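Notes for the one structure printed next.
The values are calculated or read from the model by the stated rules, or taken from the named source; none is laboratory data. For clarity, every value in this text was computed on a predicted model and none was experimentally measured. No Cβ is skipped: glycine too gets one built from the backbone with ideal geometry, and neighbour counts run over all protein chains shown. In case anyone asks, the SASA skips ligands and DNA or RNA and just uses the protein heavy atoms, side chains included. Shrake-Rupley method; radii C 1.70, N 1.55, O 1.52, S 1.80 Å.
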Amino acid sequence: MFGSHLSIAGALTNALDEAAGLGLDTVQIFTKNQQQWKARPLDEGMANQWRARVAELGWEMRTVSHASYLINLASPDDELWRKSIDLMTDEIERCERLGIPFLVHHPGAYTSSTRAEGLARIAAAYRDVFGRTKGYRTVSCLENTVGGGSVLGRDFVELGHLRGAIIEATGATERFGFCCDTCHAHAGGYDLSTPMTAAAAFAEWDDACGLEHIRVLHLNDSKTPLGSRRDRHEHIGVGSIGLAGFEALLAIPIFADRPKIMETPKEEHEPGVQWDVVNLGVLKSLSKSEPSSRSSRTSNSARKPSQPKRT
């Protein structure tokens with residue numbers, strides 16, 4: 001189940017139509033301008049059109065929204081924290097109105113406080129947000145990060161502890177999950193570049209957080225090296241993860257029915273051919289590969305026949 005983050009410019013359904021035209025199985029969107037704290041309420045006509053088009057495509061249980069980057073549920077600043085709670089509530093309400101089952105968001109940064117205090121603020125924020133949206137079905141998916149500075153969410157064990165604190169604060173086990181971003185994991189220090197190291201990384205995730213709690217994946221290669229702590233997305237197989245790591249990920253059975261979203265650069269591979277189409281073809285070919293071929297593949301040799309170098 002492969003998708004991409006696409007624009008809703010002009011109309012919400014434009015993203016659905018573009019995704020279907022690209023041969024994708026799902027889509028991720030912003031439901032509002034992600035750089036603004038306030039947004040106009042959803043237009044009822046556009047919301048109804050979205051739901052109707054989703055039903056036509058049969059995508060009711062697979063679409064994804066990404067929350068605003070302005071949200072910082074870990075902030076020690078009370079005003080910013082409350083604004084973040086309000087915006088997170090609005091994001092969930094918009095998803096619920098549109099029938100979008102998954103909302104991805106970043107943990108936040110503790111800035112001038114401590115790591116422990118930042119984690120406690122996130123759990124308290126969830127208690128407030130889930131209290132305001134009691135009975136809603138949208139699953140909030142906390143995304144792992146590359147870390148750096150006071151940004152939370154790089155360490156899998158930390159994410160596992162945070163899940164426990166959120167569930168304890170809210171009791172809403174079914175409304176909380178994770179989004180695993182491959183670029184963030186690799187740049188954050190979890191080596192995904194070989195079948196063996198990728199398997200070890202996901203075993204660590206399983207021990208700390210449970211693979212079953214990953215409800216969405218972001219499939220992005222990394223422009224920067226392992227452990228760089230820099231969030232720079234690259235096309236599939238072109239970056240420091242390479243094809244072998246993605247092949248290993250796609251072989252994990254529990255991920256088969258999870259929305260797998262590409263957040264790779266939106267550009268043309270060659271005139272008239274979008275990179276989303278190229279990346280989709282690569283992912284589909286990897287998902288069909290025989291296990292015995294994985295150890296012999298390398299990112300360069302597998303890519304050369306159909307994927308020219310980027311310029």
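Some observations on this one:
- Breaking point among (1) open to solvent by 60 Å² or more (accessible area, probe 1.4 Å); (2) at pLDDT 95 or above; (3) at negative phi, for GLU268: (2)
- Taking the stretch 207-241 as the range and being in a loop (DSSP other than H, G, I, E, B) and among the acidic types (Asp, Glu) as the test, only ASP231 passes.
- Filtering the stretch 13-31 to residues that are part of a helix (DSSP H, G or I), surrounded by fewer than 20 Cβ atoms within 10 Å (Cβ to Cβ) and not polar (S, T, N, Q) leaves ASP17, GLU18, ALA20, GLY21.
- A search for C-beta distances below 6 Å between a residue of the stretch 266-288 that is among the aromatic types (Phe, Trp, Tyr) and any residue that is loosely packed, with under 14 Cβ neighbours inside 10 Å, counting only pairs 6+ apart in sequence or on different chains, returns TRP275/GLU267.
- Enumeration of residues in the stretch 1-12 that are under 22 Å from GLU93 (Cβ atoms), open to solvent by less than 40 Å² (accessible area, probe 1.4 Å) and either hydroxyl-bearing (Ser, Thr, Tyr) or not in a loop (DSSP other than H, G, I, E, B) (or both): HIS5, LEU12
- Residue tally, condition open to solvent by 10 Å² or more (accessible area, probe 1.4 Å) and small (Gly, Ala, Ser), over the stretch 229-240: 2
- Candidates ALA124, ALA109 - the one that is within 21 Å of the chain's Cα centre (by Cα) and either modelled with pLDDT of 95 or more or under 19 Å from ALA169 (Cβ atoms) (or both): ALA109
- Checking THR170 against (1) of a type outside the set (D, E, K, R); (2) within 17 Å of HIS105 (Cα to Cα); (3) out of contact with any strand residue (DSSP E or B) (no Cβ under 7 Å at 6 or more places or on another chain), the condition it does not meet: (2)
- Every test in (1) without any contact (Cβ under 8 Å) to a residue 12 or more places away in the chain; (2) touching a strand residue (DSSP E or B) at 6+ places or on another chain (Cβ under 8 Å) is passed by MET196 save one, and that test is (2).
- Unique residue being surrounded by fewer than 18 Cβ atoms within 10 Å (Cβ to Cβ), in contact with a Ser or Thr (Cβ under 9 Å, 6 or more places away or on another chain) and aliphatic (A, V, I, L, M) when the list is LEU249, LEU226, LEU243: LEU226
- Taking (1) farther than 30 Å from LYS288 by Cα; (2) without any contact (Cβ under 8 Å) to a residue 40 or more places away in the chain in turn, GLU18 satisfies each apart from (1).
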